[in-house]
Protein chains: 2
Amino acid sequence: MTTDSANDTPHGFAPGAYVGFEDFVGPLYARTAQPHGTIMGFRVAREHVNGRNSCHGGMLVAFADMAWGKPLAGRGYDGGWATVRLTTDFLAPADLGDWLEASSVILGRDGDLFTLQGEVRKGDVRIMVGTAVYKGVRSRP
Amino acid sequence: MTTDSANDTPHGFAPGAYVGFEDFVGPLYARTAQPHGTIMGFRVAREHVNGRNSCHGGMLVAFADMAWGKPLAGRGYDGGWATVRLTTDFLAPADLGDWLEASSVILGRDGDLFTLQGEVRKGDVRIMVGTAVYKGVRSRP
């Protein structure tokens with residue numbers, strides 16, 4: 001994998017412009033790719049692990065929640081989107097120092113409700129799969 | 001609700017001894033109660049919110065993942081427990097400054113696999129419900 005030497009971030013990923021919780025738990029990175037819109041990535045750091053030096057399950061589900069909604073960007077939801085339901089299956093652990101990526105695709109839509117299927121990968125290994133339902137939010141309906 | 005004036009933490013909750021991600025996203029608090037073992041709590045701060053000043057869904061699912069496993073404490077799992085599956089339904093938003101509590105009960109057990117049902121509350125209002133499957137980890141089998 002090609003990495004940018006400065007911070008060992010895989011080529012193509014750039015720091016995202018995140019606020020609040022997404023800024024706090026980062027640094028999170030993103031790159032554009034079809035059909036996902038945006039693939040998000042981060043490297044498991046000290047603040048992300050549990051007592052076993054594996055990425056904490058809470059960080060993995062938070063990362064999934066943040067990343068799997070990205071295909072909704074550009075659809076006119078100026079208020080973003082709110083999570084309605086999130087289901088996550090943990091397949092394998094991730095360890096301190098691992099680079100993780102997450103992406104999703106839209107499975108269905110009912111008005112402003114979107115159902116997506118997502119995954120989190122460590123290289124070619126899927127460490128989490130799941131589904132999410134998000135509701136698009138318009139600040140001026 | 002009775003609160004401790006110093007930090008506006010509801011009576012009975014004390015800071016927990018957390019490491020890694022659980023320390024990083026806190027401060028998290030805990031109090032002992034039956035049948036849950038431990039009820040966890042935290043106050044939604046700037047670093048927990050999204051662009052709408054509501055608690056980020058990622059923080060809510062992370063909090064659920066951290067809190068819902070607590071009934072497994074004291075069962076001899078010196079390596080803690082690993083999340084296998086987490087399902088969360090978001091019922092209502094939580095806002096900046098809200099005090100949130102999470103608890104769970106064990107629904108079933110198959111060896112070291114435990115299925116729990118949990119909730120996150122804002123006062124008397126349930127803002128999230130869900131189920132979790134955790135696997136107890138022994139560092140010396």
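The values are calculated or read from the model by the stated rules, or taken from the named source; none is laboratory data. This structure is a prediction, so every number in the text was calculated from the model and none was measured. Cβ atoms come from the backbone with ideal geometry, glycine included; neighbour counts cover every protein chain shown. Remember, those area values only see protein heavy atoms, side chains included, never the ligands or the DNA or RNA. Shrake-Rupley method; radii C 1.70, N 1.55, O 1.52, S 1.80 Å.
Residues in the stretch A:37-89 that are open to solvent by 40 Å² or more (accessible area, probe 1.4 Å) and more than 25 Å from B:Ile127 (Cα to Cα): A:Arg43, A:Arg46, A:Glu47, A:Gly51, A:Arg52, A:Asn53, A:Ala73, A:Gly74, A:Arg75, A:Gly76. Got at least one residue in the stretch B:82-98 being aliphatic (A, V, I, L, M), free of Cβ contacts under 8 Å to residues at least 40 places away in the same chain and in a strand (DSSP E or B)? The answer is no; no qualifying residue exists. Taken over the stretch B:46-78, residues that are under 15 Å from A:Val25 (Cα atoms) and either outside any loop (DSSP other than H, G, I, E, B) or more than 7 Å from every other protein chain (Cβ to nearest Cβ) (or both) amount to 12. Of the residues examined, A:Pro27 is not one that is more than 7 Å from chain B (Cβ to nearest Cβ), of a type outside the set (Phe, Trp, Tyr) and more than 19 Å from B:Glu47 (Cβ to Cβ). Pick from the stretch A:90-136 the residues that are touching a Gly at 6+ places or on another chain (Cβ under 6 Å) and open to solvent by 40 Å² or more (accessible area, probe 1.4 Å): which of them is nearest to A:Ser54 (Cα to Cα)? Among them, the one singled out is A:Thr115.
In summary, B:Ala17 fulfils each of the numbered conditions (1) open to solvent by 30 Å² or more (accessible area, probe 1.4 Å); (2) at pLDDT 95 or above with the single exception of condition (2). Filtered by the rule that a residue be within 11 Å of the chain's Cα centre (by Cα), in a strand (DSSP E or B) and of a type outside the set (Gly, Ala, Ser), the stretch A:23-45 gives A:Tyr29, A:Thr38, A:Ile39, A:Met40, A:Phe42.
Yes or no: the stretch B:2-11 includes at least one residue that is open to solvent by 10 Å² or more (accessible area, probe 1.4 Å) and within 15 Å of the chain's Cα centre (by Cα). Scanning the stretch B:2-11, I find no residue that is open to solvent by 10 Å² or more (accessible area, probe 1.4 Å) and within 15 Å of the chain's Cα centre (by Cα), so the answer is no.
If you take the residues of the stretch A:20-36 that are farther than 14 Å from A:Trp99 by Cβ and either in contact with a Phe, Trp or Tyr (Cβ under 9 Å, 6 or more places away or on another chain) or among the charged types (D, E, K, R) (or both), which of them is surrounded by the fewest Cβ atoms within 10 Å (Cβ to Cβ)?
The selected residue is A:Asp23.
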